[in-house]
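The next block holds one structure in the form of structure tokens; read it before the comments.
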Amino acid sequence: MKLRLLFLSLFFTGCSSLLPSVVTKTAETWSSYDSIQTAYDSVEKYKTTKKDLHNLGFDPYKNSNTMILNHLDIMKRFLVTQSVKIEDLDIGLQECIRSKTECFAYETRMKYLKRKRYGSTLLDIFNFEKNTRETGWSFSSIIVVQNEKVVFKTASSQPKIDNNENRKNPLGPFQSMESILKNTVE
């Protein structure tokens with residue numbers, strides 16, 4: 001009897017270590033947000049060379065999250081259209097796009113996300129309540145190179161990701177069956 005009560009109390013109060021967790025990691029070269037931001041900050045227009053970029057980790061041959069863009073890809077990224085003309089862009093971008101074959105860019109997208117479920121294992125297993133916390137960071141940049149020198153750079157990032165998702169299903173395991181039944185009747 002005591003063993004049964006102990007088992008039930010453990011099962012109802014948590015055992016969150018039994019719940020799944022997921023780590024999404026695309027950061028190979030950089031182990032943290034600060035490390036990639038520092039590398040990006042050290043890139044200087046008209047000073048940093050292609051070789052310097054590779055030494056900083058912006059190397060598509062060693063970093064699977066860095067893409068090589070040609071001048072047409074660069075035009076698409078910066079929306080060169082009838083409403084946004086080349087003349088509206090930074091001078092380094094203008095020169096690069098006009099030079100065509102002498103122009104390319106490195107687009108890097110890095111992220112580290114950890115998703116962990118927490119709460120009652122029993123409620124989670126039977127789909128009554130699922131609580132998930134997602135933490136991490138993300139960083140993306142485009143570094144444009146012309147004639148072996150950086151002529152433009154831009155980045156966007158989210159240094160701190162901390163999201164909580166609480167999903168409640170009053171019908172528990174029957175909640176998903178409701179949508180299945182609804183689709184078969186229609």
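The values are calculated or read from the model by the stated rules, or taken from the named source; none is laboratory data. Since the model is a prediction, treat every value here as computed from it, not as a measurement. We place every Cβ from the backbone using ideal geometry, glycine too, and count neighbours over all the protein chains shown. Just the protein is used for accessible areas: all its heavy atoms, side chains included, with ligands, DNA and RNA removed. Shrake-Rupley method; radii C 1.70, N 1.55, O 1.52, S 1.80 Å.
So in the stretch 83-98, with the set limited to residues that are under 11 Å from VAL144 (Cβ atoms) and of a type outside the set (Val, Ile, Thr), which one is surrounded by the fewest Cβ atoms within 10 Å (Cβ to Cβ)?
Looking at residues that are under 11 Å from VAL144 (Cβ atoms) and of a type outside the set (Val, Ile, Thr), I get ASP90.
Residue-wise test of (1) touching a residue at least 40 places away in the same chain (Cβ under 8 Å); (2) touching an Asp or Glu at 6+ places or on another chain (Cβ under 7 Å).
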site	(1), (2)
TYR61	no, no
ASP73	no, no
LEU79	no, no
ASP88	no, no
ARG115	yes, yes
GLY119	yes, yes
PHE128	yes, no
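For (1) open to solvent by less than 50 Å² (accessible area, probe 1.4 Å); (2) on the phi > 0 side of the Ramachandran plot; (3) modelled with pLDDT under 70, each residue gets a yes or a no:
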site	(1), (2), (3)
LEU5	no, no, yes
PHE11	no, no, yes
SER17	no, no, yes
ALA27	yes, no, yes
SER32	yes, no, no
GLU44	no, no, no
HIS71	yes, no, no
PHE78	yes, no, no
THR81	no, no, no
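Mind checking which residues of the stretch 148-170 are open to solvent by less than 70 Å² (accessible area, probe 1.4 Å) and among the basic types (Lys, Arg)?
The answer is LYS153, and nothing else.
Would you check which residues across the stretch 107-147 are modelled with pLDDT of 90 or more, farther than 27 Å from SER31 by Cα and open to solvent by 60 Å² or more (accessible area, probe 1.4 Å) and list them?
Correct list: ASN147 only.
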